[in-house]
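Structure first, then comments.
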Amino acid sequence: ILNMNEISTITNKKGEFEFNDLAPEKYYLTLDQSTYNRNYITEQTLPLEIQIMPQKTDTLTINFIKPVRINGKITYQETSQIQSNGFKNKLPQLIIKLDNGIDQFFTLANENGEYSFSEIKPGDWTISIVSKGLENKFEFVENNKSIKLRSGINETFHFLVKDKSRKINIKSSNIK
């Protein structure tokens, strides 16, 4: 089922569809996700903006692709130095960002550090932990990863977060 503003139509068995006698104006085309195979997503970002011109017939092709699912885990490595419990860091829930220069997606890691993204389009992406304001307490090892996602192939990406060690500077001179 395709919808263009308040007008709907259904494809035939070949996937062909028509909207007839449309007034010249701007329309937004969407698909009813419940009416097509959930193992696919559209290659184009929906809704599609379509400008209908008078006395003109246009052809439109909507491509379907297999999406990618990304799973991962953030491992937290605590320091093994002796210190008061008041100075020990506790890893907060972290936000993971997925970006391809056009689309940005964010997800929250659970209490076990696990996260996932679903229905991602294939292509070149960057995945990273949003670490702003946390760099003073934690070290984010290999935080930005450039990844190439291929249609229908699920991926796994892990991150390592370490405590930053607290250091004490001892001067060799006498203190009065």
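The values are calculated or read from the model by the stated rules, or taken from the named source; none is laboratory data. What you see is a predicted model, and the numbers here were worked out from it, not measured in a lab. When we count neighbours, we look across all protein chains shown, and the Cβ atoms used for this are built from the backbone with ideal geometry, even at glycine. Note: areas computed on protein heavy atoms with side chains; ligands, DNA, RNA excluded. Shrake-Rupley method; radii C 1.70, N 1.55, O 1.52, S 1.80 Å.
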query = Which ³J(HN,Hα) values in Hz, rounded to whole numbers, follow from the phi angles of the range 139-145 under the Karplus curve 6.51 cos²θ - 1.76 cosθ + 1.60, where θ = phi - 60° and Gly and Pro get x?
reply = 10, 9, 6, 6, 6, 9, 10
ask   = So, with a 1.4 angstrom probe, what is the percent of accessible area on the chain that is carbon and sulfur?
value = 46 percent
message = I'm a student and want to see the number: the projected area of the Cα convex hull of the chain, averaged over all directions, in nm².
response = 16.9 nm²
task = Give the accessible surface of the range 1-122 per residue, rounded to a whole number of Å², with probe radius 1.4 Å and ligands, DNA and RNA excluded.
result = 71 Å²
Unit charges at the beta carbon, dipole of the chain: most positive-side option, Thr30, Asn154, Gln93 = Gln93
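Taking the Cβ-Cβ separation of Lys56 and Ser34 as r and a Förster radius of 41 Å, what is the calculated FRET efficiency to the nearest 0.05?
Working: r = 32 Å, r/R0 = 0.77.
The formula returns an efficiency of 0.85 here.
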query = Could you give the length gained on full extension between Ile10 and Lys162, defined as 0.36 nm per residue of separation minus the Cα-Cα distance, in nm?
reply = 49.3 nm
ask   = Magnitude of the Cβ-charge dipole of the chain, K/R +1 and D/E -1, about the Cα centre, nearest 20 debye?
value = 1480 debye
query = By the gyration tensor of its Cα atoms, with a ≥ b ≥ c the square roots of the eigenvalues, what is the shape of the range 93-135: rounded for a/c under 1.5, prolate for a/b over b/c, or oblate?
reply = oblate
task = Pairs to check: Lys13/Lys121; Lys73/Lys162; Lys90/Lys145; Lys90/Lys162. Give those whose C-alpha atoms are more than 20 Å from each other in this structure.
result = Lys13/Lys121; Lys90/Lys145
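Is the C-alpha gyration tensor of the range 1-49 telling us rounded, prolate or oblate? Criteria: a/c under 1.5 is rounded; beyond that, a/b larger than b/c is prolate, otherwise oblate.
It is oblate, given that a/c is not under 1.5 and a/b is not larger than b/c.
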query = Separation between the Leu22 and Asn110 pseudo-spin-labels, each 7 Å from Cα along Cα→Cβ, expressed in nm?
reply = 4.3 nm
remark   = FRET efficiency (Asn63, Thr126; Cβ distance; R0 25 Å; to 0.05) is 0.55
remark   = Whole-Å distance linking the alpha carbon centroid of the range 131-150 with that of the range 9-75 is 35 Å
inquiry  = With a 10 Å cut-off between alpha carbons and a GNM built on the chain, which of Asn110, Asn37, Asn144 moves the most?
reply    = Asn37
